[in-house]
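This report concerns only the one structure given below.
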Amino acid sequence: MSKRCYTYLLYIFSLILCLCCVACDTNEEPTPESAITIYYHVPYSNLTSFVNNDLREADGALLTLPALDKTTILFAKHKFTEMGIDPNVYVLCKKVIEQGEVKDILLREYQFSEVNYTTPEGLGTLLRDVQSFSKSKRYGMIISSHGDGWLPQRDPSSAPDRRKLFGAGNHKLYDASFVTLAEAVSETEKPWEFLLIDACNCQNIEVVYDLRNAFRYVIGSTTEIVDKGQDYMTALPALVNQQWDALCQSYKASCEDYADWNSATLSVIDCSQIDEMAAIVKRLHQSGADSLVVRSELQPLDGYDMYRYGYNIFYDFADYYRCLATDAQLLSQFERQLAALVLAEAHTASYNSVYFPINYMRPLRVSSGLSCSAPCTEYFQLWQETNWYKATH
């Protein structure tokens, strides 16, 4: 064999070897069909009956839906005893199919005083255990609780580090912040693909900005969530296969059939697009048009004005920032980035609130999939302490 021929064959062999390596690497990348672990996080609250129903829906989905063949579900909630719920003990369980039934297998118990899930350390322990007990290529998380977006405790004079964003709602000891969640996620070994926040008023730009490096996708509602939450028979396969439009539309449909509520907003946010949006919004604030916005003409997304506060706190994100876009080119950039940021969104024609009078619904003139609190002057001092404010001013 000539030296030239030998060199040519060596080149061909090296090329084939490189292509094989690339193929191997590609196969290692997570895909919607890969094995996935979904962790269902349940803080202490008065939603126990609804959460238990959610978990039964998950059982039915695991048993009957082929789309979940490679899905493992873990959940953590407070221990239930003969005396009722024990708020001092938290249990991590795994759903396992045995003889045609789904059984909840206890993996670990935690004393709340030692593993406090409202702190980065305690919540980080839980999340690391989830990844240790269930090895998979993909991880997703669901939070089922009360929620109030980025808002602090109901004392506007509270220090910023005392913000409580999701949890019991009526018992601050079991409330936690999304900043805490982001810190806890940063300590886990494997990345987290999505977070579904099955709680009220949490799809704020302020919240999503805090979570942008913790999850690739954040799913949630800009308004109040119906007490029964998601329909997990349809939500779980949509989450696993990243069928975002189907996820939003199925939630809307389930709420339209719910006579006591008939109100829904749900959206999916691509967190990789948030920093670019923050840069555009910063330019919008620099335009000086904030003072020209007529607050009463914006789309509100809560019912606090009919509660004792007498004012709204959450407004539609796009409705507000379009008012600041006095420059046509900047408005065009904003619209393009909004389309990249919000991957899917669905909403009913109007929305409900527990603070509204009976049989009253407020029309949804616009629903962009995100809310913001920029126009809310009553919380302006605390809003200035959010990471979103600091990034855009």
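Worth a mention:
- Single match in GLU256, GLU193 (criterion: under 11 Å from the mean Cα position of the chain (by Cα), farther than 25 Å from LEU151 by Cβ and not aliphatic (A, V, I, L, M)): GLU193
- Selection from segment 321-371 of residues that are open to solvent by less than 10 Å² (accessible area, probe 1.4 Å) and either of a type outside the set (S, T, N, Q) or in a loop (DSSP other than H, G, I, E, B) (or both): TYR321, LEU324, PHE334, LEU341, ALA344, ALA346, THR348, TYR351, SER353, GLY369, LEU370
- Residue count for segment 362-386 satisfying the condition of being at pLDDT 95 or above and more than 22 Å from the chain's Cα centre (by Cα): 3.
- Conditions (1) assigned to a helix (DSSP H, G or I); (2) at pLDDT 95 or above; number of the one not met by VAL268: (1)
- Within segment 215-233, tally of residues that are open to solvent by 10 Å² or more (accessible area, probe 1.4 Å) and either within 19 Å of GLY167 (Cα to Cα) or not aliphatic (A, V, I, L, M) (or both): 7
- Pairs linking a residue in segment 183-202 that is aliphatic (A, V, I, L, M) and in a loop (DSSP other than H, G, I, E, B) to a residue that is open to solvent by less than 10 Å² (accessible area, probe 1.4 Å) and at pLDDT 95 or above, with Cβ atoms under 9 Å and 6 or more positions apart or on different chains, are ALA199/ILE143; ALA199/GLY220; ALA199/SER221.
- Those strands (runs of 3 or more DSSP E) of segment 58-124 in which at least 3 residues are open to solvent by less than 30 Å² (accessible area, probe 1.4 Å) and of a type outside the set (Lys, Arg), considering only elements entirely within it, cover 71-81, 84-98.
- Filter result for ASP129 (within 24 Å of PHE166 (Cα to Cα), in contact with a Lys or Arg (Cβ under 8 Å, 6 or more places away or on another chain), part of a helix (DSSP H, G or I) and without any contact (Cβ under 8 Å) to a residue 60 or more places away in the chain): yes
- Count - residues of segment 226-265 that are assigned to a helix (DSSP H, G or I), acidic (Asp, Glu) and farther than 14 Å from TYR351 by Cα: 1
- Qualifying residues in segment 280-289 (those that are in a helix (DSSP H, G or I) and open to solvent by 50 Å² or more (accessible area, probe 1.4 Å)) - the one nearest to LEU211 (Cα to Cα): LYS282
The values are calculated or read from the model by the stated rules, or taken from the named source; none is laboratory data. Being a predicted model, the structure only gives us computed values, none of them experimental. Backbone-built Cβ (ideal geometry, glycine too); neighbour counts: all protein chains shown. All accessible areas refer to the heavy atoms of the entire protein, side chains included, with ligands and DNA or RNA removed. Shrake-Rupley method; radii C 1.70, N 1.55, O 1.52, S 1.80 Å.
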